[in-house]
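Participant: Once you've had a glance at the structure underneath, I'll fire off some questions.
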Amino acid sequence: MRKILKKHWPLVGIAALIVVVAFYLLQALQGLNNRPDISDIFAGEGVKLKQIHFNQEDPDEKIQWVLDAKEAVFSKDGQQISFTDFHLKLKAEKWPPMELKGGRGDFDRAKGKLSLHQDVKGFAENGYRFATEQMTYYHGSGELKTDEAVTIIGPFFTVKGKGLYCNLADETFVIKTNVTTTVNEEAFSL
């Protein structure tokens with residue numbers, strides 16, 4: 001028996017090596033089949049991006065907008081976007097261009113709804129400014145709405161109230177309740 005092992009030892013070594021290689025090869029192939037799908041990688045919260053720039057500039061639309069944000073997180077299906085430190089530019093046919101800034105927001109792509117939160121400040125090109133804690137913009141209808149306290153400052157007056165409805169498409173502007181208007185002295189010197 002010793003003579004047989006001595007004579008066939010290289011063949012036994014090669015056979016053992018083939019068994020070991022086959023074992024590791026089968027494990028590697030099973031690992032490839034269990035590799036995560038790209039959707040599994042982003043399953044928890046979706047895709048997170050920094051310094052985003054999102055355009056809605058359809059020439060057929062009456063209102064175009066551009067959203068810049070420090071950070072955005074897209075849902076797994078891409079229909080919901082949450083963003084922080086935003087700067088939103090609105091451009092309507094019948095209104096002067098307007099910019100809104102704030103701390104955070106959410107965009108529902110299916111509904112065309114932008115919900116803006118945390119110290120929302122607006123600036124219009126004609127010199128008017130406003131401030132509120134929360135505002136919602138509906139792209140389809142061109143409406144800006146809030147039920148929170150709002151302050152509007154113009155060249156000749158300041159208006160404070162609760163709730164705001166503004167339709168950029170048909171030039172409607174309403175402060176809902178508790179309205180207080182202060183007229184500046186410059187308005188009387190005309």
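The values are calculated or read from the model by the stated rules, or taken from the named source; none is laboratory data. Being a predicted model, the structure only gives us computed values, none of them experimental. Cβ atoms come from the backbone with ideal geometry, glycine included; neighbour counts cover every protein chain shown.
Participant: Across segment 141-169, which residue is farthest from Gln118 (Cα to Cα) among those that are assigned to a loop (DSSP other than H, G, I, E, B) and more than 27 Å from the chain's Cα centre (by Cα)?
Facilitator: Phe156
Participant: Being at pLDDT below 85 and in contact with a strand residue (DSSP E or B) (Cβ under 7 Å, 6 or more places away or on another chain) is the requirement here; does Leu49 meet it?
Facilitator: Values: at pLDDT below 85: yes; in contact with a strand residue (DSSP E or B) (Cβ under 7 Å, 6 or more places away or on another chain): yes.
For Leu49, the condition - at pLDDT below 85 and in contact with a strand residue (DSSP E or B) (Cβ under 7 Å, 6 or more places away or on another chain) - is met.
Participant: Pairs only if they're at least six apart or on different chains, beta carbon under 6 angstrom, first in segment 108-125 and under 17 Å from Lys89 (Cβ atoms), second among the aromatic types (Phe, Trp, Tyr); list them, first residue then second.
Facilitator: Leu114/Phe107; Leu114/Tyr137; Gly122/Phe130
Participant: Output yes when any residue across segment 23-37 is at pLDDT 75 or above, under 30 Å from Ser141 (Cα atoms) and among the aromatic types (Phe, Trp, Tyr), and no when none is.
Facilitator: Checked segment 23-37: no residue is at pLDDT 75 or above, under 30 Å from Ser141 (Cα atoms) and among the aromatic types (Phe, Trp, Tyr).
Participant: Is there a residue being more than 19 Å from Thr172 (Cα to Cα), crowded, with 18+ Cβ neighbours inside 10 Å and among the hydroxyl-bearing types (Ser, Thr, Tyr) anywhere in segment 82-100?
Facilitator: Looking for residues that are more than 19 Å from Thr172 (Cα to Cα), crowded, with 18+ Cβ neighbours inside 10 Å and among the hydroxyl-bearing types (Ser, Thr, Tyr), one finds at least one in segment 82-100, hence yes.
Participant: With respect to Glu71, is the statement that it is surrounded by 14 or more Cβ atoms within 10 Å (Cβ to Cβ), under 25 Å from Glu171 (Cα atoms) and at pLDDT 85 or above true? Before the answer, list the steps.
Facilitator: Details: surrounded by 14 or more Cβ atoms within 10 Å (Cβ to Cβ): yes; under 25 Å from Glu171 (Cα atoms): no; at pLDDT 85 or above: yes.
Against the criterion (surrounded by 14 or more Cβ atoms within 10 Å (Cβ to Cβ), under 25 Å from Glu171 (Cα atoms) and at pLDDT 85 or above), Glu71 does not qualify.
Participant: Go over the candidates Asp119, Asp77 one by one and state the one that is in a strand (DSSP E or B) and either in the same structural domain as Glu148 (by TED's automatic domain parsing) or at pLDDT 90 or above (or both).
Facilitator: The match here is Asp119.
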